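The values are calculated or read from the model by the stated rules, or taken from the named source; none is laboratory data. Nothing here was measured: the structure is a model prediction, and the numbers come from that model. In this analysis, Cβ positions are derived from the backbone assuming ideal geometry, glycine residues included, and neighbour counts consider all displayed protein chains.
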């Protein structure tokens, strides 16, 4: 997979991809991640990429030309499965969406900034709009990192244990059950006996029951949606 991330401040993006699972995924060549500074596509000598919005109002808007030039150049080099704009008014990110995107070959992630981007760019290039929640950030960079992490960890070979991602919360529309590790007893609190029984069928049944119980308590909306 290849992910191209377009941003006004690409330096914000880099450090998460230089550690832990994302770093290993890149080193093992399971994914390529490329950063593009939108200012490199400005024709203005001051590298201006934003301007006041027509009709008045607070907040600057990212101009269409630099974004169009950047995306058009990338599209001329290869075909992209999705061109994603990270925006608060997009579809809220969920696990099924991450699963679907992890199967793609080439993605562009466009980070919004200031008040947002010129509507014409959305109409010309954007194929999918994604939000990571009902709140507003200073820019789409953090959202791009979140989306990238959610996608990359699902690529075969990235995680040491292939089944780990399949048992995460939301994979089956349920939250994950409680998990324990050594010691078997800590400050008077014991690990449930079934988990140490070696009876895998009973362990699986216990985990399923706990997942359902926790989901009913914390996120009943997930069950109501079924």
Problem - Subset of segment 20-49 [farther than 19 Å from residue 72 by Cα and in a strand (DSSP E or B)] - result: 32
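Select, from 156, 183, 177, the only residue that is assigned to a loop (DSSP other than H, G, I, E, B) and at pLDDT 95 or above. Steps first, please.
On the way: 156 fails: at pLDDT 95 or above; 177 fails: at pLDDT 95 or above.
Only one candidate qualifies: 183.
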Handout entry: Test: residue 77 is on the phi < 0 side of the Ramachandran plot, modelled with pLDDT of 95 or more and out of contact with any strand residue (DSSP E or B) (no Cβ under 6 Å at 6 or more places or on another chain)
Key = yes
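Hey, any hits in segment 117-131 for a residue that's assigned to a loop (DSSP other than H, G, I, E, B), in contact with a helix residue (DSSP H, G or I) (Cβ under 7 Å, 6 or more places away or on another chain) and under 15 Å from residue 38 (Cβ atoms)? Steps first, please.
Initially, segment 117-131 is screened for residues assigned to a loop (DSSP other than H, G, I, E, B), giving 118, 125-127.
If we keep only those that are in contact with a helix residue (DSSP H, G or I) (Cβ under 7 Å, 6 or more places away or on another chain) as well, we get 118, 125.
Okay, now just the ones that are also under 15 Å from residue 38 (Cβ atoms), so 118, 125.
Yes, segment 117-131 has at least one match.
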Fill in the blank from the handout: When segment 105-115 is checked residue by residue, the ones that are at pLDDT 95 or above and touching a strand residue (DSSP E or B) at 6+ places or on another chain (Cβ under 6 Å) are 106, 107, 108, 109, 110, 111
